[in-house]
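Peer 1: One structure coming up, written as structure tokens, with questions to follow.
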Amino acid sequence: MKHPIITLLTDFGTKDHYVASMKGTILNINPKCTLVDITHHVSPHDITEGAFILANAYSSFPKGTIHLSVIDPGVGSPRAPILLVATNYFFIGPDNGLFTFALRKEKVRKVIVLNNPKYFLSHRSTTFHGRDFFAPVAAHLSLGVKPEAFGPILDSWIEIDFENPKMRGRALIGRILHIDAFGNLISNIDGQNLFNHVREDSFVVRVGERSIQGLKKTYWEGKKNEPMALIGSGGFLEVSVKEGNAQKVLKVKRGDRITVEIS
């Protein structure tokens, strides 16, 4: 890219120096790149949450963007540091399943194991690979270094064990995949899959101890403090509460069942 973009997604938070250290490392190597924060408030060590957020954000950026993501509870372990070269984007981070959901939408061209010390910081920590390994690789890549220069090809990579929705009789059974900052319950049932089985007004959504008839199109259509179902911006069936918090109202957690029953 003429004006390279590097995004950052971590569970580091913004209280400490970690994010700034990564950005400083990148800018020392390529001061002309643009840095964009996706988020640094993924729940600590929560690879699945990070994977979901990345998958919903990465494609909003121009082709050629480098997505640097570090949710790395296995830092210092034998897990591999990798660079994934997809058709439209680059992904850099630990090989622990963090790129699972994004790569269901992208075609992977090659995966590189990052093992060339030429592109790492000279003084390296065993506990901060985000600064010492991943950030400098992203910066050098943004300068036009070829992916093959960073290391050898990897034949396979780790994916999160992701449960797809299942039909049982007249019910489509899914799970709560993500709960966002508003308490919206986002399921693993995508809209296309849903409408392959039902009409928009011919089903009941059951979550927790509540039943919800049909879909709303927007949040404002709901009644205050009453759960409603709709297709969210990521294309998945979600349960929300107008001006409220669906997680608190329904007392559920990620991984709990969400069922669509055909009327």
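The values are calculated or read from the model by the stated rules, or taken from the named source; none is laboratory data. The shown structure was predicted, so the numbers you read here are calculated from the model rather than taken from an experiment. Don't worry about glycine lacking a Cβ; one is built from the backbone with ideal geometry, like all the others, and counts go over all protein chains shown.
Peer 1: Could you say which residue among Ile179, Ile158, Ile189 is surrounded by fewer than 18 Cβ atoms within 10 Å (Cβ to Cβ), more than 30 Å from Asn28 (Cα to Cα), in contact (Cβ under 8 Å) with a residue 60 or more places away in the chain and not assigned by TED's automatic domain parsing to the domain that holds Asp16?
Peer 2: Every option except Ile158 fails the conditions.
Peer 1: Would you mention how many residues in the range 147-201 are more than 23 Å from the chain's Cα centre (by Cα) and not small (Gly, Ala, Ser)?
Peer 2: 15
Peer 1: Given the residues Ser233, Ser211, which is the only one that is surrounded by fewer than 16 Cβ atoms within 10 Å (Cβ to Cβ) and either assigned to a loop (DSSP other than H, G, I, E, B) or in contact with a His (Cβ under 9 Å, 6 or more places away or on another chain) (or both)?
Peer 2: Ser233
Peer 1: Could you look through the range 49-84, keep only residues that are charged (D, E, K, R) and outside any helix (DSSP H, G or I), and pick out the one that is farthest from Leu177 (Cα to Cα)?
Peer 2: Among those that are charged (D, E, K, R) and outside any helix (DSSP H, G or I), it is Lys63.
Peer 1: hydroxyl-bearing (Ser, Thr, Tyr), assigned by TED's automatic domain parsing to the domain that holds Leu141 and modelled with pLDDT under 95, is that true of Ser77?
Peer 2: yes
Peer 1: Right, next: Residues in the range 192-199: is at least one touching a strand residue (DSSP E or B) at 6+ places or on another chain (Cβ under 8 Å) and either crowded, with 20+ Cβ neighbours inside 10 Å or on the phi > 0 side of the Ramachandran plot (or both)?
Peer 2: Yes; the residues of the range 192-199 include at least one that is touching a strand residue (DSSP E or B) at 6+ places or on another chain (Cβ under 8 Å) and either crowded, with 20+ Cβ neighbours inside 10 Å or on the phi > 0 side of the Ramachandran plot (or both).
Peer 1: Please count how many residues of the range 214-230 are surrounded by 19 or more Cβ atoms within 10 Å (Cβ to Cβ) and outside any loop (DSSP other than H, G, I, E, B).
Peer 2: Counting residues in the range 214-230 that are surrounded by 19 or more Cβ atoms within 10 Å (Cβ to Cβ) and outside any loop (DSSP other than H, G, I, E, B) gives 4.
Peer 1: Surrounded by 23 or more Cβ atoms within 10 Å (Cβ to Cβ) and over 13 Å from Gly93 (Cβ atoms): is that true of Pro147 in this structure?
Peer 2: The answer is no for Pro147.
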